[in-house]
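Participant: Before I ask anything, here is the structure I am working with.
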Amino acid sequence: MADPDNSTSGASHSESHTITALVQDIPGVLARIAATFRRRGFNIASLTVGHSEKPGMSRMTFVVIGNSSAINMAATQLERLVEVVEVQDITNQQIVWRELALVKVRRTPENRAEIGEIGAIFRASIVDIGAEGVTFEVTGGTDKINSMINLLRPFGVLEVMRTGRVATRRCDDSGQEDSEQGI
Amino acid sequence: MSSSQSTAQDKQIRTGAQIVCETLIDEGVSTMFGLPGGAVLPLYGVFSQYSQLRHVLVRHEQAAAMAADGYARVTGKPGVCIATSGPGATNLITGLATSMMDSVPVVAITGQVSSAAIGTDAFQETDITGSTLAVTKHNYLVTRAEDINRVLREAFHIARTGRPGPVLVDIPRDVFQAPAEFRRDEPLNLPGYHGTITAPEEQVERLAALINSAQRPVILAGHGAIIARAFKELRLLAEKAQIPVATSLLGISAIAEDHPLSIGFPGMHGMAYTSLALDEADLIISFGARFDDRIVGDIKRFAPRARKAHVDIDPCELNKTVRVDAAVNGDVRQVLKQLIPLTSIAKRPEWLERMETLKREHPLARKAEERSPDELLQGPEVIAALSQVTGGGAIICTGVGQHQMWAAQHYRFTRHNSLITSGGLGAMGYEVPSAIGVQIGAPEEQVWSICGDGGFQMTMMELATVAENRLPVKYLIMNNNHLGMIVQWQDMFYNKDYQACAYTANPDFAKLAEAYGIKAIKVSSRGQLEPALRQAAEHSGPVLLDCIIEKVENVFPMIPSGQSVQELIEEPASL
């Protein structure tokens, strides 16, 4: 029968969802999306955007934190925007995702071996070196990058630049062109 | 600027300003409300070439936006307003927000400083596209005259399709002046915009099943039913399945209030019998009403015995606040057409009898007291008298406040789409300019604007616009020298600590009207009311009636904010 608690903002716990959006590459689209999220009070943990394979279109990847109805509402609000062409919540689908970080560490003759070893363990590459220190480039999951930074901290981390998450669904094995369902 | 137009091979060269005008004409625009300024003067400079476009000069850009809003509500066509850059554009914002909250199609064209000056804090520069992100459905900054035609066509398309709303187009001065090839055939670049979708059949079938199994259903018709012009279909469904029809504030007149199935409007200041009907229902079907907090109150205790269904053109409204058992995403009129054949004929004599009982036991009007004709008027009786004199067939504009609630309660609306009010935003000052737009959009109709003395003063300079355009609007000021709704809240919730709610220096409104050359009638006692109303109705030009109403009194019934029908207050605690 009727549910006495009508509310959609239930007491369900917060989850982290990955949402991708295909948007028109038009001046101001990022400002409009950011304003929409802020106005509705949605919690954006990270956001990346860049050109996609379609000319004139960019792809954005959001990590949104909230309960399931808040996240549904965020996706619907995003989709309603005129420049947003397609929105997908790919959290529960099979996805490939990566983040990237540039980590600048102080380097001395005493610590260089250890720092080098840490870099090798995390399969990070050295992309810059100088008197000040060395800059690692590391890609992978959030936890992996967090671990590497924590291990480097005792040596003196000078600067960390992190991107948000980029994600895509795993390749479909069924041979169909546009499979909407995850596996 | 000469236009070249000889052989088919010659390109049509026009200035940006000319392209604006020709595109507006293509889009069926006949009236624009505006006020000129430096950045938009190049546009005004070509108006004399286009006699099909009528420009109505206002006295404040807010009135241009609100007049465009009123025009759009009554005609169903997008209203058009024009302002210059900087302060002209920012003055539109309250009007745009009104249209945004109530889903009204408006296209606002603003001038902008020259392209080279953008971002330099130039004279009269504002980032209006940034500033209006929250109050427009979409907006544009045009950078090339070649884009004007496509952008304006997109703007009209977005404004009028799907869930309607205001769209702002910002055009730099040099773009107005630049020559460009005028092409009408560039396709719209809106891959992500889907105007009106057809509701999936399964959603409609699920809704039909709920209706067919309900014993005590109630329809809640909102602004969406009026925007869709679904009057006939709504009535047919209600009659076929014998379902009483309540409305939201903005849904008033979706069904004629003298129809036997009409049961009024619920919520904070709605009729007690309507709120009680929702409370007893086992199914509430919203057609284009968004379960706003003024109706729902405490979500946990709203209509606890009822399943809910929601038909709405905007998917973002479905399950936004109230969780529903059936959601149908589509245009209300189209959905009703799909729904009616799937709905069973029903007879519900007990439920309909219950509606009559509730109306009898919780009447809106207080029992007619013995009051002498010399006594001061009270708000509700002014509206009731107006309803009598006009036969419920006028178009009623209102401001915001007590007078607005009394108008909604006591006027018996028999003409579809006849309440023009700022419901979602609740913008005082709406009363004067909205009536301007409504009268221009519906020149044959009798238009009455119920005004609060507070809101009236926010936009009263537009009496000049009324006089200049000879618009026969009847402005009725419910004058109690107070911000009445503020007094009520301070009386009920702030321990009668009356702060900043008394207007002790109101002008003589009748003299003010006469200063504008507008006929004025002052009403200060009950006996004067009806003759004054008749005199105003019969006058062929604009009229202002200054109705002095009695000591401040509270609007009842009331369900305090965030509460439920259990806390409904019907009568004042003491007189």
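FYI, it's all coordinate maths here, none of it is from the lab. Predicted model only: the values in this text are computed from it and were never measured. Glycine also receives a Cβ, built like all others from the backbone with ideal geometry; neighbour counts cover every protein chain displayed.
Participant: Taking neighbour Cβ counts within 10 Å as the exposure measure, how do B:L24, B:L220 sort from fewest upward? Before the final figure, lay out the partial values.
Facilitator: Details: B:L24 21, B:L220 28.
With the fewest neighbours first, B:L24, B:L220 line up as B:L24, B:L220.
Participant: Run the quick spin-label model on A:V96 and B:F123: label points 7 Å from Cα toward the beta carbon, then report their separation in nm to one decimal.
Facilitator: Placing both labels 7 Å along Cα→Cβ, they lie 5.9 nm apart.
Participant: Tell me the label-point distance for the pair B:K551, A:A113, using the 7 Å Cα-to-Cβ offset, in nm and rounded to one decimal.
Facilitator: 9.5 nm
Participant: Give me the net charge of A:A124's neighbourhood, meaning all other residues with Cβ under 14 Å from the Cβ of A:A124; Lys, Arg count +1, Asp, Glu -1.
Facilitator: Working: positive: A:R98, A:K104, A:R107, A:R123, A:K144, A:R162; negative: A:E99, A:E114, A:E117, A:D128, A:E137.
So the environment of A:A124 carries a net charge of +1.
Participant: On to the next question. For the residue pair A:I129 and A:A45, what label-to-label distance in nm results when each label sits 7 Å from Cα along the Cα-to-beta-carbon direction?
Facilitator: The answer from the label model is 3.6 nm.
Participant: Same structure, new question: Given H placed 1.01 Å from N in the peptide plane, which residues other than close sequence neighbours of B:I252 have an amide H under 5 Å from its amide H?
Facilitator: Answer set, sorted by chain and number: none.
Participant: Something else now. If r is the Cβ-Cβ distance from B:K347 to B:A116 and R0 is 60 Å, what FRET efficiency results, to the nearest 0.05?
Facilitator: Numbers: r = 73 Å, r/R0 = 1.21.
Efficiency at R0 = 60 Å is approximately 0.25.
Participant: Can you tell me the FRET efficiency between B:R54 and A:S147 if r is taken as the Cβ-Cβ distance and R0 is 60 Å, rounded to the nearest 0.05?
Facilitator: Values: r = 70 Å, r/R0 = 1.16.
The computed FRET efficiency comes out at 0.30.
Participant: How big is the dipole moment of the stretch B:387-489 about its Cα centre under a simple scheme where the beta carbon of each Lys and Arg is +1, that of each Asp and Glu is -1, and everything else is neutral? Debye, nearest 20, please.
Facilitator: Values: 4 positive and 6 negative charges, 47 e Å.
Result for the stretch B:387-489 is approximately 220 debye, rounded to the nearest 20.
Participant: OK, next. Among B:Q338, B:L188, B:M271, whose Cα projects farthest towards the positive end of the dipole of the protein assembly as shown, with charges put on the beta-carbon of Lys, Arg (+1) and Asp, Glu (-1)?
Facilitator: Checking the options against the dipole of the protein assembly as shown, the answer is B:Q338.
Participant: Helix A:68-80 against the longest principal axis of chain A: what's the angle in degrees, Cα atoms only, rounded to the nearest 10?
Facilitator: Here the helix axis deviates by roughly 80 degrees.
Participant: A further question follows. Going Cα to Cα from B:K511, which lysines come in below 24 Å? Please leave out same-chain ones fewer than 8 positions away.
Facilitator: Qualifying lysines at Cα under 24 Å: B:K474, B:K519, B:K522, B:K551.
Participant: Name the residues whose placed amide hydrogens come within less than 5 Å of the amide hydrogen of B:N319, ignoring near sequence neighbours (fewer than 5 apart) on the same chain.
Facilitator: Amide H to amide H, under 5 Å and 5 or more residues apart or across chains, B:N319 pairs with B:V324.
Participant: Given Cβ point charges of +1 (Lys, Arg) and -1 (Asp, Glu) and nothing else, what value in debye, to the nearest 20, does the dipole of the stretch B:180-322 about its Cα centre take?
Facilitator: Numbers: 16 positive and 19 negative charges, 64 e Å.
Taking the Cα centre of the stretch B:180-322 as origin, the dipole is about 300 debye.
Participant: Please work out the Cα center distance from the stretch B:426-454 to the stretch B:468-545, rounded to the nearest Å.
Facilitator: 14 Å
Participant: Now for a different question. Can you sort B:H416, B:H259 from fewest to most other Cβ atoms within 10 Å of each residue's own Cβ? Write out the running numbers ahead of the final one.
Facilitator: Working: B:H416 17, B:H259 13.
Exposure proxy ranking, most exposed first: B:H259, B:H416.
Participant: Summing -39500 (n - 2.57) over the DSSP H runs of n ≥ 4 in chain A and dividing by its residue number, what mean residue ellipticity at 222 nm do you reach, to the nearest 500 deg cm²/dmol?
Facilitator: On the way: 4 runs with 46 residues, N = 183.
Estimated from H runs of four or more residues: -7500 deg cm²/dmol.
Participant: Expected output is a single nm value to one decimal: the length gained when fully extending between B:A502 and B:A209, i.e. 0.36 nm times separation in residues minus the C-alpha distance. What is it? Write out the running numbers ahead of the final one.
Facilitator: Numbers: separation 293, 0.36 × 293 = 105.48 nm, distance 5.41 nm.
Additional length available on full extension: 100.1 nm.
Participant: Any idea what angle helix A:29-40 forms with the longest principal axis of chain A, computed on alpha-carbon atoms, 0 to 90 degrees, nearest 10?
Facilitator: Helix A:29-40 and the main axis of chain A meet at about 70 degrees.
Participant: Can you work out ³J(HN,Hα) from phi for every residue in the stretch A:143-148, in order, using Karplus 6.51 cos²θ - 1.76 cosθ + 1.60 and θ = phi - 60°, giving whole Hz and x for Gly and Pro?
Facilitator: The phi angles translate into 5, 4, 5, 4, 4, 4 Hz.
Participant: Please rank B:L96, B:L336, B:L210, fewest neighbouring Cβ atoms within 10 Å first, as an exposure proxy.
Facilitator: With the sparsest Cβ surroundings first, the list reads B:L210, B:L336, B:L96.
Participant: Can you work out the Karplus-derived ³J(HN,Hα) for every residue in the stretch B:190-199? Use 6.51 cos²θ - 1.76 cosθ + 1.60 with θ = phi - 60°, whole Hz, and x for glycine or proline.
Facilitator: 10, x, x, 10, 10, x, 10, 9, 8, 5
Participant: Same structure, new question: What residues qualify as long-range amide H neighbours of B:S449, i.e. H under 5 Å apart, gap of 5 or more or another chain, H built at 1.01 Å from N?
Facilitator: Under 5 Å from the amide H of B:S449: B:C397, B:K474, B:Y475, B:L476.
Participant: Taking θ = phi - 60°, what integer Hz values does the Karplus form 6.51 cos²θ - 1.76 cosθ + 1.60 yield along the stretch A:20-26, in sequence order, with x for Gly and Pro?
Facilitator: Per-residue couplings from phi come out as 10, 9, 9, 10, 5, 8, 10 Hz.
Participant: Now, a different point. Just tell me which lysines come within less than 26 Å, Cα to Cα, of B:K308; anything on the same chain fewer than 8 places away is out.
Facilitator: Cross-link targets: B:K232, B:K240, B:K300, B:K320, B:K337, B:K347, B:K359.
Participant: State the answer as a single residue: which of B:V400, B:L364, B:G379 lies farthest towards the positive end of the charge dipole of the stretch B:326-458, with beta carbon charges of +1 for Lys and Arg and -1 for Asp and Glu, about the Cα centre.
Facilitator: Among B:V400, B:L364, B:G379, the one farthest towards the positive end of the dipole of the stretch B:326-458 is B:L364.
Participant: Moving on to the next point. At a Förster radius of 35 Å, what calculated FRET efficiency corresponds to the Cβ-Cβ distance of A:N72 and B:I340, to the nearest 0.05? Please list the in-between numbers first.
Facilitator: Values: r = 31 Å, r/R0 = 0.88.
Taking R0 as 35 Å, the efficiency between A:N72 and B:I340 is 0.70.
Participant: Next up: Ignoring everything except DSSP H segments at least 4 long, calculate the 222 nm mean residue ellipticity for chain B; use -39,500 (n - 2.57) per segment, divide by total residues, nearest 500.
Facilitator: -10000 deg cm²/dmol
Participant: Another question about this same structure. Determine the percent antiparallel among the DSSP beta bridges restricted to the protein assembly as shown, to the nearest 5. Don't jump to the answer; show the numbers that get you there.
Facilitator: Working: 50 of 113 bridges.
In the protein assembly as shown, approximately 45 percent of DSSP beta bridges are antiparallel ones.
Participant: Projected onto the charge dipole of the protein assembly as shown (+1 at Lys/Arg Cβ, -1 at Asp/Glu Cβ, origin at the Cα centre), which of A:P109, B:I158, B:T136 gives the Cα projection farthest towards the positive end?
Facilitator: Of the candidates, B:I158 comes out farthest on the positive side.
Participant: Treating the beta-carbon of each Lys and Arg as +1 and of each Asp and Glu as -1, no other charges, what is the dipole magnitude of the protein assembly as shown about its Cα centre, to the nearest 20 debye? Write out the running numbers ahead of the final one.
Facilitator: On the way: 70 positive and 86 negative charges, 59 e Å.
Charge dipole, the protein assembly as shown, about its Cα centre: 280 debye, nearest 20.
Participant: Next up: Counting Lys and Arg as +1 and Asp and Glu as -1, what is the net charge of the other residues whose Cβ lies under 14 Å from the Cβ of B:Q124? Write down the numbers at each step before the final one.
Facilitator: Details: positive: B:R173; negative: B:E61, B:D121, B:E125, B:D127, B:D170.
It works out to a net charge of -4.
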